[in-house]
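Have a look at the structure below before the remarks.
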Amino acid sequence: MPDRPPAGTHLLAPAQVAELLSITVDEVVALVHEGRLRGMRVGSPARWRVEEDSVEAYLEDQAEEARRIALWRQSNAASFPELWGRGGASARD
């Protein structure tokens, strides 16, 4: 976690991020510690701030993960005839 944000970086308070993501402030801080959100402690006394761009990237990652899970579930629900055609399996020795 950098000590100083890059120039032009917009920082959000954890409460703002929590509201955007519909999670608790503690969960926001945990996401920062896990490296899933970019954040830092700034000011005196030090307070957490989260880079707005990292929130957008996190949301994109979550949407992609949900899309992949949906595709996986859809593929698991497909029957073998749908996947391999209607003919029976033939043994070729």
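Six or more apart or on different chains, Cβ atoms under 7 Å: show the pairs whose first residue is in segment 20-40 and free of Cβ contacts under 8 Å to residues at least 40 places away in the same chain and whose second is exposed (fewer than 15 other Cβ atoms within 10 Å of the Cβ) and part of a loop (DSSP other than H, G, I, E, B).
Note: pairs meeting the criteria are GLY39/MET1; MET40/MET1; MET40/PRO2; MET40/ASP3.
So which of PRO5, PRO45, PRO81 ends up being modelled with pLDDT under 95, out of contact with any helix residue (DSSP H, G or I) (no Cβ under 6 Å at 6 or more places or on another chain) and surrounded by 15 or more Cβ atoms within 10 Å (Cβ to Cβ)?
The match here is PRO5.
Out of the residues in segment 39-55 that are within 11 Å of VAL17 (Cβ to Cβ) and either part of a helix (DSSP H, G or I) or basic (Lys, Arg) (or both), state the one that is farthest from the chain's Cα centre (by Cα).
ARG49
All but one of (1) out of contact with any Lys or Arg (no Cβ under 8 Å at 6 or more places or on another chain); (2) at pLDDT below 95; (3) not hydroxyl-bearing (Ser, Thr, Tyr) hold for GLU60; which doesn't?
Going through (1) out of contact with any Lys or Arg (no Cβ under 8 Å at 6 or more places or on another chain); (2) at pLDDT below 95; (3) not hydroxyl-bearing (Ser, Thr, Tyr) one by one, GLU60 breaks only (2).
The values are calculated or read from the model by the stated rules, or taken from the named source; none is laboratory data. Note that the coordinates shown come from a computational prediction; the quantities given were computed from them, not determined experimentally. Quick reminder, even Gly has a Cβ in these numbers, built from the backbone with ideal geometry, and neighbours come from all protein chains shown.
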